[in-house]
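The values are calculated or read from the model by the stated rules, or taken from the named source; none is laboratory data. Quantities reported herein were computed from a predicted structural model and do not represent experimental measurements. FYI the Cβ positions are ideal-geometry reconstructions off the backbone, even for glycines, and counts take in every protein chain you see. Heavy atoms of the whole protein, side chains included, go into the accessibility calculation; ligands, DNA and RNA do not. Shrake-Rupley method; radii C 1.70, N 1.55, O 1.52, S 1.80 Å.
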Amino acid sequence: IVCEGYEEFDYITRLKESNVWNRNYSIKVKNAQSIDNIASVYQNEFQNDNHDLVVVFCDTEISPYNQFKLLCDKINKFHGRKIAKDVVYFANPCTMQIILSHFGKVSLITNNKNKNAKCIKNFTGVNEYVAKREQRNIINRQINPQNYIEMKTNISQLSTDYTMCPSSNFIKLLNNLESPDTAWVKLLAKRIERE
């Protein structure tokens, strides 16, 4: 899973450590450190052929979503077909929308950390959140298998249209990773190669 940055990397790593996904999957988490770097990291991981499947987890950034659309266009161009819709999992307006969903229903309307700080404090107790490592660690330590279920319930009610705020298609990846049936990985990998 190629992650946009530290928030995504730490969060996905925490989910992996929480054993909420089926043990049939061996998951490697990679930090691209910027939405602008995702396409090249994705391409490198794909071409190294060390994985059955490479997927992305990122923010949509802000409307008009130019960086997100460019990322999808680069992945589509790399494969020579429209495949980004099947391998790019997103959070709009930001990953914090999904993280906070572990603790209750939330509808963020911006990715601005200052504007979201009060909401973050209310749900997690972290004051003046600016995504420092220790702040991320405090929040991620609160994530567990029980509130994972609450998060899934909450994000399943979001739109999957990336132009809607809030929205996410992350639930699809979560459901797939929980399934003992790994056929979806093979089917998607074949589709990427064949189309």
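Tabulated results
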{"item": "Residue match in the stretch 156-167 (condition: under 18 Å from ARG14 (Cα atoms), open to solvent by 30 Å² or more (accessible area, probe 1.4 Å) and either part of a helix (DSSP H, G or I) or not hydroxyl-bearing (Ser, Thr, Tyr) (or both))", "result": "no"}
{"item": "Number of positions in the stretch 168-195 that are over 15 Å from ILE1 (Cα atoms), of a type in the set (A, V, I, L, M) and at pLDDT 95 or above", "result": "1"}
{"item": "Given (1) surrounded by 13 or more Cβ atoms within 10 Å (Cβ to Cβ); (2) in contact with a His (Cβ under 8 Å, 6 or more places away or on another chain); (3) part of a loop (DSSP other than H, G, I, E, B); (4) not aliphatic (A, V, I, L, M), number of the condition LYS28 does not satisfy", "result": "(1)"}
{"item": "Qualifying position, being of a type in the set (Ser, Thr, Tyr) and open to solvent by 20 Å² or more (accessible area, probe 1.4 Å), among SER107, SER101", "result": "SER107"}
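So that you can scan it fast, the table gives a plain yes or no per residue for (1) over 20 Å from ARG141 (Cβ atoms); (2) among the charged types (D, E, K, R); (3) without any contact (Cβ under 8 Å) to a residue 60 or more places away in the chain; (4) part of a loop (DSSP other than H, G, I, E, B):
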site	(1), (2), (3), (4)
LYS16	no, yes, yes, no
ASN19	no, no, no, yes
PHE46	yes, no, yes, no
CYS72	yes, no, yes, no
ILE99	no, no, no, no
